[in-house]
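Working notes, beginning with the structure itself.
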Amino acid sequence: MRFKKLAAVGIVGTLFLTAACGSDDDDESGGDEGSEDSGNDSAFAAPDPDTEATLRVWLNGPDTPQTMRDYAIETFKETYPNVTVEIEEQEWDGIVPLLTTALNSADTPDIVEMGNTQAQGFEAAGALVDLTEVEGDLGGDDLLDSLKEAGTYDDKFYGLPLYAGARVVTYRTDLFAASGIEVPTDLEGFIEAGKTLQADNAGTPNFSGIYFPGRNWQAMLSFLWDAGGDIAVREDGEWVGQLADDGSVEGLTTVQDIMENANQAPADSDDRNDYIEFCANEIGMLMGPGWKSGQIAEECPEMEDKLGVFALPGSDGAVAPSFLGGSVVGISAKSQNTALAYEFLKLISSEGFQTQYAEAGLIPNQKAFLDKVTGSPGAVAQAEAAENSRFTPSSEFWAEVEGGDILQDMGTAIGNGDDVADAASTANDAIVEILNQ
């Protein structure tokens, strides 16, 4: 275990150093009363049903509503009536330093939730229990690919995907009708629709057929991946950059075409206020999370009947690759209730629990449950998009890449008309340097 990995999330406690270096020790995780009586030496052997304990679970934000928390607690008590499950809600803002402190404390929670781009640092630092041997019982190959990548470090599985949200296209149905546009079925049709909207609404100040601010790097990735490109891949223990490869440059050239010919969003801006500009009649289409149409309808109710949503189509007519945001949950390496915590993870990965996410319009953690997503058109579209989801490089240093605005600056350069290959090469070199530090 290298100290630079600890620095990736600011963890300097000796616990994580010990946990990471002691991975060959079969007793590296805390145990549960009764687990040794099961006849199974695994740290995940089911505890005795009479076990008495308190299981602390940290969940972030309101996306797991009280009804789901109550369901989990009551269902768990059917098997373990003497276990008290305490679900504590944490705020997403500041969750990394909070987890850094909590996971290095003797009073650690047993189960914690973290964002998919935050998980790698904690996994690399040895802060979470290795779940590789029980991955199959938690969903295995049916887990959403990109979130499973977020929960995997150095070919070991630490973080169970909890739920997700994919990026989709929100559009103005009235403007489509006025221009005689049907929902596009491939990427070329999507771009042409954007250019048509741009031309047909040229009299509207600041109008974008496809709203594409330069710093919206998550949307950029779909075009890069569709063209066969990537950010970086791991080969022989090192990260090899691919942003400057032909496929990536081709995809980014498509992005530049959109920015220059179907868009008036500033190259140095991001998408945080896109719903405001949509409500101001300045946008024909935008690429954002599945809940974006709901946000727009709340901001300007008069627009609700004019909103449509579809999954971005790829160049081959299938759904384009989509960056999938979401969260994962893991067991603290210092938990004294490892086996109980694992039983709880099985419960929240079950169809009964995950279906409730689907019914709330979120994406459940397994592909088999995607057809259960109901609710708004945005929810249904993002479930479709999730079937071809991708993730950023699975590195404990990825958060540093995001924080360094490298992809954002590349997008700004491309949006300002700079040479795509040069901008991609600059970003590529910077990302590889960080990932291989």
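We did not get these values from a lab; they are worked out from the coordinates using the rules stated. Since we're looking at a predicted model, the values are computed, not measured. Because the Cβ atoms are built from the backbone with ideal geometry, glycine has one as well, and the counts that use them run over all protein chains shown.
Here are the numbers for this structure:
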quantity	calculated
Antiparallel content of DSSP bridges confined to the chain, in %, to 5	70
The chain: calculated mean residue ellipticity at 222 nm from DSSP helix runs of at least 4, using -39500 (n - 2.57)	-11000 deg cm²/dmol
Mean Cβ count within 10 Å, highest first, over the residues of peptides 50-61, 248-259	248-259, 50-61
Dipole in debye (nearest 20) - region 165-253, about Cα centre, beta carbon charges: Lys, Arg +1; Asp, Glu -1	560
Region 53-181: C-alpha gyration tensor shape, a/c 1.5 cut-off, then a/b vs b/c	prolate
Charged-residue dipole, Cβ positions (Lys, Arg, Asp, Glu), the chain about Cα centre, Debye nearest 20	860
0 to 90° range, to nearest 10: angle between helix 217-226 axis and the chain longest Cα axis	80
Violating pairs (Cα-Cα greater than 30 angstrom) within the set K148/K306; K292/K367; K77/K372	K148/K306
Region 49-196 - share of DSSP beta bridges that are antiparallel (%, nearest 5)	20
Cα gyration tensor, the chain - rounded (a/c under 1.5), prolate or oblate	prolate
Residue-count net charge about V319 - beta-carbon cut-off 12 Å; Lys, Arg +1, Asp, Glu -1	-3
Packing-based exposure ordering (other Cβ within 10 Å, fewest first) of Y171, Y153	Y153, Y171
Packing rank of 365-376, 159-170, 284-295, 103-114, where each peptide gets the mean count of other beta carbons within 10 Å, highest leading	159-170, 284-295, 103-114, 365-376
Neighbourhood net charge (14 Å Cβ-Cβ; Lys/Arg +1, Asp/Glu -1) for T75	-2
Protection proxy ranking, peptides 325-337, 131-143, average beta carbon neighbours within 10 Å, highest first	325-337, 131-143
Cα lying deepest toward the dipole's positive end in region 280-405, options N388, L345, P301, charges on Cβ	L345
